[in-house]
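The values are calculated or read from the model by the stated rules, or taken from the named source; none is laboratory data. Since the model is a prediction, treat every value here as computed from it, not as a measurement. Cβ sites come from the backbone with ideal geometry, for glycine too, and all protein chains shown count toward neighbours.
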Amino acid sequence: MAKDSLVQPFLKWAGGKRQLLSEIEKYVPKKITGTYYEPFLGGGAVLFHIRPKKAVVNDSNSELINTYEVVRDHIDELIEDLKTHKNTSEYYYNIRNLDRSPDYKKLSKVKRASRLIYLNKTCYNGLFRVNSNNEFNTPFGNYKDPNIVNEPVLRAVSEYLNSADIKFLCEDFEKAVKGIRKGSFVYFDPPYMPLSSSSSFTGYTLDGFNEKDQIRLRDLCIKLKERGIEFLLSNSTSPFILELYKDPQIFKIEYVYAKRSINSVGENRGKIKEVLIKGNDQ
C-alpha cells in the first residue's frame, strides 16, 4: 500500500530534517522488528517519513507533545479552533502573550495546540523560541497569506497517529529509551552543538542542551551499541562532537550537507555540513 504523501510535518521547526530524509533513510533498517524510538522528535520529519507501526517518541517541549496528542485525539476541534485565528499584528501579540498570564495553564489542550500551530505559522521565520521565563517571544512575521489551517495534512497525520501504536513522552532523552529491546532502532536528533560560541541556538527549551548532555548522549550510544541496538545520530561538525565520536572501533561518521533556513542571521542560512553517526558495525 502506497504511503500517503500528506503525512508530513505540519510545523516548521529548527533543525528539521525534511531535506536530509534521503540520506537518513540509507541508515535506517528496511524492517524494524522492534520499536522505533525518537527521543528528540521536533517537527517529526523522520517519523512521518518512516511511518513505523510501533514507536516511542519524545520531546522535552511539553507544548509540542501536547500538540501532537491533540492532532491525534481531537482533530475536528483543533481544525475548528484554528479557523478562528487572524493574521494581524495586534491579534498575534494577544495570542502570543497568553503564556504571560497565570490563567494560561487553564487553557484546554486544544486551545494550547491551536495557539502553538498559529504562532508557528505566523511568527517570524517559524522560529520557536522562549525566554528565560519560558514565554514564547518570537515577533510577528507579517506574512501575506500564511497557511494557518492546513487541514489535509493535519487530518492525514491524525489518521496515521491513530492507525499506529505511537507513545508520546515528555522526558529526558535517556528515560525515553528506557526498556528498549534488541530489534528496535533509535534516531537521535538532539539540539546541535554550536560550531562557535556565538552561533549557539538557545531557547528551544528553557533548560537548554549543554556539553554534559552531549556527553551523556554519546555514552548512551555506546551502551546501545554494546547491547546490539542500532541507532543513528545527527549533529553538527563542531570539533567537540567530532572529538566525542572519533573512536572508529565504536562509531562511523558520515558527512552530509543540509540547507538551514531557520537562522537569526540571514547570511548563515544555506548549505551546512553536518554529520550522521552510527555504530561502526551497522
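The table that follows gives values for the structure above.
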read-out	value
Matching residues in segment 42-100 - criterion: being basic (Lys, Arg), out of contact with any strand residue (DSSP E or B) (no Cβ under 7 Å at 6 or more places or on another chain) and not assigned by TED's automatic domain parsing to the domain that holds PHE173	ARG72, LYS83, LYS86, ARG100
Selection from segment 221-240 of residues that are aliphatic (A, V, I, L, M), crowded, with 17+ Cβ neighbours inside 10 Å and over 19 Å from GLU25 (Cα atoms)	LEU224
Where ALA113 falls short, out of the listed (1) among the small types (Gly, Ala, Ser); (2) surrounded by 21 or more Cβ atoms within 10 Å (Cβ to Cβ); (3) not in a helix (DSSP H, G or I)	(3)
Number of positions in segment 95-110 that are exposed (fewer than 13 other Cβ atoms within 10 Å of the Cβ) and of a type outside the set (Lys, Arg)	4
Tally of residues being assigned to a helix (DSSP H, G or I) and within 24 Å of PRO29 (Cα to Cα) across segment 160-200	8
Filtered residues of segment 62-90 (kept if in a helix (DSSP H, G or I), within 14 Å of ILE148 (Cα to Cα) and without any contact (Cβ under 8 Å) to a residue 40 or more places away in the chain)	GLU80, ASP81
Count of segment 4-29 residues which are of a type in the set (Asp, Glu) and in a helix (DSSP H, G or I)	2
Test: TYR143 is in a helix (DSSP H, G or I) and among the aromatic types (Phe, Trp, Tyr)	no
Yes/no for TYR92 being buried (at least 17 other Cβ atoms within 10 Å of the Cβ), of a type in the set (Ser, Thr, Tyr) and over 20 Å from the mean Cα position of the chain (by Cα)	yes
Scan of segment 228-252 for residues that are in a loop (DSSP other than H, G, I, E, B) and either among the polar types (S, T, N, Q) or within 18 Å of GLU38 (Cα to Cα) (or both), ordered by number	GLY228, ILE229, THR237, SER238, GLN249
Segment 262-280, residues that are loosely packed, with under 14 Cβ neighbours inside 10 Å, at pLDDT below 90 and either in contact with a helix residue (DSSP H, G or I) (Cβ under 8 Å, 6 or more places away or on another chain) or part of a loop (DSSP other than H, G, I, E, B) (or both)	SER264, VAL265, ASN268
Selected residue (criterion: nearest to the chain's Cα centre (by Cα)) from residues of segment 117-132 that are surrounded by fewer than 20 Cβ atoms within 10 Å (Cβ to Cβ) and assigned to a helix (DSSP H, G or I)	ASN125
Any hit, segment 71-82, residues being among the aliphatic types (A, V, I, L, M) and farther than 24 Å from GLN8 by Cβ	no
